[in-house]
Amino acid sequence: MLAMQGSEPAATPRTWRMNGLVFVIALVAVGLGATAGLYRWRASSLGEDFRRTRAEMPQDPEKKLELWLMYGGPFVAQRLEQMRYSREQPWLLTHTLGAQRNAAEQEIWGVDLTGLAPAWTAREGMEIVVTLPKPRKLGAGAISGDKALNVPHVSPGAAFDAEKRARAIVLWSIEKLIGSLEKDNPGAKLVVRFAERTPSGG
């Protein structure tokens, strides 16, 4: 069909659209501006809180250690939780025992972390004491995964100190925390002990 002579196509209404890049830059600018303002407002408040907390900090060594435990105890529990073999098998593996590594009949030994709680870490004088269940046989069979790579395998009849191994793993896992403990509290130390029952009754 031919267009009628002298007629012009109807003008399409023009709508204003922001360039995509300009829109993104605007969003970032608004976001950064809001964040910077919030930071400046909050920073002064945090500084005041820090100065007040520092001024109110007890000077008695044991009371200072008690305050440290309030924040450090949950962190110890968190690190121990991260050392578990799996969610279904909450074990801190110390070694396997058997004639052949990863045979179906090999025994799996370690510390059972079922019921793990901050209460397992407590203060005794100038010591922070982490009390764990005694290592024992936890199961049998092959083990695999990243947390099994460095688990020692012991032949039947060979001597092996499972408590020493478990203690070394725990101290390694919270090494930085121990450093801050000793730096902030001269004379304090962290020790790992083993008991038939944990403080929480687990």
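The values are calculated or read from the model by the stated rules, or taken from the named source; none is laboratory data. From a predicted model like this one, the values you see are computed outputs, not experimental measurements. Cβ placement follows ideal geometry from the backbone for every residue including glycine, while neighbour counts extend to all protein chains displayed.
Miscellaneous remarks
- Condition check for VAL129: under 21 Å from the mean Cα position of the chain (by Cα), surrounded by fewer than 19 Cβ atoms within 10 Å (Cβ to Cβ) and in a strand (DSSP E or B): yes
- Scanning the stretch 149-187 for residues that are touching a strand residue (DSSP E or B) at 6+ places or on another chain (Cβ under 7 Å) and either among the hydrophobic types (A, V, I, L, M, F, W, C) or on the phi > 0 side of the Ramachandran plot (or both) turns up VAL151, VAL154, PHE160, ALA162, ALA166, ILE169, VAL170, LEU171, ILE178, LEU181.
- There is at least one residue in the stretch 82-96 that is exposed (fewer than 13 other Cβ atoms within 10 Å of the Cβ) and not in a loop (DSSP other than H, G, I, E, B).
- Of all residues in the stretch 123-134, those that are of a type in the set (Lys, Arg) have Cβ atoms under 9 Å from Cβ atoms of residues that are at pLDDT 95 or above and in a strand (DSSP E or B), 6 or more apart or on another chain, in ARG123/VAL129; LYS134/VAL111; LYS134/PHE194.
- Condition met for ALA148 (in contact (Cβ under 8 Å) with a residue 60 or more places away in the chain, touching a Leu at 6+ places or on another chain (Cβ under 8 Å) and over 23 Å from ILE178 (Cα atoms)): yes
- Leading residue by the ranking (surrounded by the most Cβ atoms within 10 Å (Cβ to Cβ)) among those in the stretch 145-202 that are in a helix (DSSP H, G or I) and of a type in the set (Val, Ile, Thr): VAL170
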